[in-house]
Structures are given as C-alpha cells and as structure tokens.
Amino acid sequence: MLVRRALLFALIIACVPVPTALAQAPKGDWTYVRKDPFRHYACRDKVKGEWLVRTATPWGDRRDEVVKNGFETYASLARGSDENVADEANSKHWNGGYARTVLRDARLTDRLWVQVAAYGPPAPWTNGFTVRRLELCR
C-alpha cells in the first residue's frame with residue numbers, strides 16, 4: 001500500500017507542469033533591449049543586402065491583462081534624431097505568448113525603440129538601443 005501511494009505521488013508530481021521562466025526571450029539569439037512592464041528583445045538579420053530588425057515581446061505573467069486590454073507593441077527605428085523615423089511597426093497579434101515586429105532598411109547606427117503601446121506615447125526616444133549592438137538572429 002505504501003509503495004502504491006509513493007508511485008501515485010511520483011506520477012502526480014511528474015504530471016504537474018513546471019512553469020517556464022516568465023518573460024524570457026524566444027529561442028535563438030536575441031538581445032535584451034529594455035523593460036517597461038514587459039521585457040523587449042530584438043535581433044538583426046541581413047536579407048538580400050538589407051538589415052532587418054526583428055523584435056519580440058513576451059507577455060510573461062500578464063496574459064490576462066494583454067487579452068483584456070488588447071495591448072499591442074510598437075517598435076521604431078530613429079535615424080539621426082527622434083523626428084526622423086526610418087521605419088516603425090505595431091503588432092497586436094500575440095502568437096505563442098509573443099508579439100513580434102519586423103523593421104526594414106535598418107542601418108547599424110539607427111536607434112531601436114520598443115514598447116507596449118499602452119504605456120506612454122508610441123514614439124522613438126533618444127535613449128534607443130543602437131542596431132549595431134543587437135545579436136545576429138539565428
């Protein structure tokens with residue numbers, strides 16, 4: 001009887017899902033860019049001679065808040081000044097727990113800004129993360 005209980009307990013423990021790390025980067029090589037109430041990651045990729053910047057924002061433990069409020073992410077590349085936006089993208093599609101964007105025609109000197117659009121105005125800020133510092137996407 002004691003052996004049965006021990007086996008049953010072991011089976012129950014094996015079936016309990018282990019929570020993954022909250023707000024972690026997607027698989028592959030990503031650079032942690034910044035944190036507001038969400039964590040933001042990005043990487044750069046060269047396609048047909050052009051730099052692309054890919055961003056990913058996990059919802060972490062805020063899934064219910066994201067779904068309830070329809071949060072979306074905003075990403076932009078500023079070139080030279082905050083007013084010169086080279087490319088920008090929004091994503092309100094949270095697939096697999098991540099909202100992703102792709103920014104095109106990036107230069108290594110451009111500054112990346114990523115945020116959840118619900119937290120302040122969606123606009124590039126002077127303290128953006130330079131594209132040169134991003135990991136290559138793999």
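The values are calculated or read from the model by the stated rules, or taken from the named source; none is laboratory data. Just so you know, these numbers come straight off a predicted model, no measurement behind them. Here the Cβ is made from the backbone with ideal geometry for all residues, glycine too, and neighbour counts use every protein chain on show. Quick note on the areas: whole protein, heavy atoms, side chains included, nothing else; ligands and nucleic acids left out. Shrake-Rupley method; radii C 1.70, N 1.55, O 1.52, S 1.80 Å.
Observations on the model:
- Qualifying residues in segment 47-83 (those that are open to solvent by less than 70 Å² (accessible area, probe 1.4 Å) and free of Cβ contacts under 8 Å to residues at least 12 places away in the same chain) - the one farthest from Arg100 (Cα to Cα): Ser81
- From Lys27, Lys68, residue being part of a helix (DSSP H, G or I), more than 15 Å from Leu134 (Cβ to Cβ) and of a type outside the set (A, V, I, L, M, F, W, C): Lys68
- Of all the criteria given as (1) at pLDDT 95 or above; (2) surrounded by fewer than 17 Cβ atoms within 10 Å (Cβ to Cβ), the one not satisfied by Gly28 is (1).
- Residue in segment 88-100 that is surrounded by 13 or more Cβ atoms within 10 Å (Cβ to Cβ) and not in a strand (DSSP E or B) present: yes
- Residues located in segment 99-118, provided they are without any contact (Cβ under 8 Å) to a residue 40 or more places away in the chain and basic (Lys, Arg): Arg111
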